[in-house]
1. In Å, what is the Rg of the alpha-carbon atoms in the stretch B:1-57, and how long is Dmax?
2. Give, as a single signed number, the net charge of other residues whose beta carbon lies under 15 Å from the beta carbon of B:I3, with Lys and Arg counted +1 and Asp and Glu -1.
3. In Å², rounded to the nearest 100, what is the total accessible surface buried by chains B and A against each other with a 1.4 Å probe?
4. Based on the alpha carbons, how large is the Rg to Rh ratio for the protein assembly as shown when Rh follows Kirkwood?
5. What is the P(r) of chain B, as percent of Cα-Cα pairs per 10 Å bin from 0?
6. How many nanometers, to one decimal and shortest first, lie between the label point of B:A95 and those of its other copies, if labels sit 7 Å from Cα toward Cβ?
7. Might you tell me the accessible area per residue for chain A, computed with a 1.4 Å probe and given in Å²?
8. With the cut-off at 29 Å, tell me which of the pairs A:K27/A:K81; A:K15/A:K81; A:K45/A:K80; A:K93/B:K80; A:K27/B:K93 have Cα atoms farther apart than that.
There are 2 protein chains.
Amino acid sequence: MNIGDVSNQTGLPAKTIRYYEDIGLVKPLRDDNGYRRFRSQDVHKLNFLGRARALGFTIEDCRTLMALYEDETRASADVKKVARAHMAQIEAKIADLNAMRDTLSHLIDACAGDDRPDCPILQDLGGQA
Amino acid sequence: MNIGDVSNQTGLPAKTIRYYEDIGLVKPLRDDNGYRRFRSQDVHKLNFLGRARALGFTIEDCRTLMALYEDETRASADVKKVARAHMAQIEAKIADLNAMRDTLSHLIDACAGDDRPDCPILQDLGGQA
DNA sequence: ATGGGGGTTCCAGTCACGGGAAGGTCAAGG
DNA sequence: CCTTGACCTTCCCGTGACTGGAACCCCCAT
């Protein structure tokens, strides 16, 4: 399989797949003409990576998870630890964003949104809250 | 005021303040020795920027908001528009993160987290959901 | 004179790619 | 045989909003 087919099958852009090879996440073979040749196990790996990335794991997390995936003697505790650390990050981010949203929501509600210059949003940013 | 004092007053790292000058958000004067000299209006601007950034506005949004802030003839509608667009982005991000968190939460709950290799997290990532 | 705590510039790195240039390869059609 | 067009290759630059660090200057106190 060439990179275009793999891209279609996995939904990952060809650029991304090349990048993943660059950083050693996947190691396709090469044809005589220099084209990458992907085996089914490569495609499987890429699907794994795509799903992990979709869950927000960093590339380094993905590397760790892949290693665990391929290690038959792994302990599921190690996987869970990575997942929990990541979820903590996500929850922290959600909390941040919720705080922003709440503040913004109040400010937006308080703003007339007409052609006059008075604006509680700018007042708040300017420090006269 | 030198940059260190401004940094203390605004809570912004000196590096960040220099960066804001670089991209034209603030224009402090210079002393004869080359040191930046910040007037109170510069400090005020930096506080404005700090608050806007804390609400998650991009630098470009900040530039726009600052321009509106300094324009006495602005229409509050323009400010509100920027704020609403930003809030939409935030809500989209929250939705994404909530979806990730929910999926992760289920997977983490399902994982024994012991010394055995069986792991529903890896199974899911591997495509055997 | 020396030490320490300011300040300055500039360059490189972050993260996970994306855009685009310049060029090689392959299969189909005229 | 030639061309066209769709592939593929590498390489380099840009993203956003900074952060770290090197190398150097300035000023005051001891």
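The values are calculated or read from the model by the stated rules, or taken from the named source; none is laboratory data. Since the structure is predicted, the reported quantities are computational estimates derived from the model, not experimental observations. In this analysis, Cβ positions are derived from the backbone assuming ideal geometry, glycine residues included, and neighbour counts consider all displayed protein chains. Heavy atoms of the whole protein, side chains included, go into the accessibility calculation; ligands, DNA and RNA do not. Shrake-Rupley method; radii C 1.70, N 1.55, O 1.52, S 1.80 Å.
1. When restricted to the Cα atoms of the stretch B:1-57, Rg and Dmax are 10.7, 37 Å.
2. So the surrounding residues net to +3.
3. Details: alone 9260 and 9260 Å², together 14240 Å².
Counting protein atoms only, the buried area is about 4300 Å².
4. Details: Rg = 24.8 Å, Rh = 22.1 Å.
Using only Cα positions, Rg/Rh for the protein assembly as shown is 1.12.
5. 11, 28, 20, 15, 15, 10, 2
6. Here the equivalent label points are 2.5 nm apart from this one.
7. 55
8. Beyond 29 Å: A:K15/A:K81; A:K27/B:K93.
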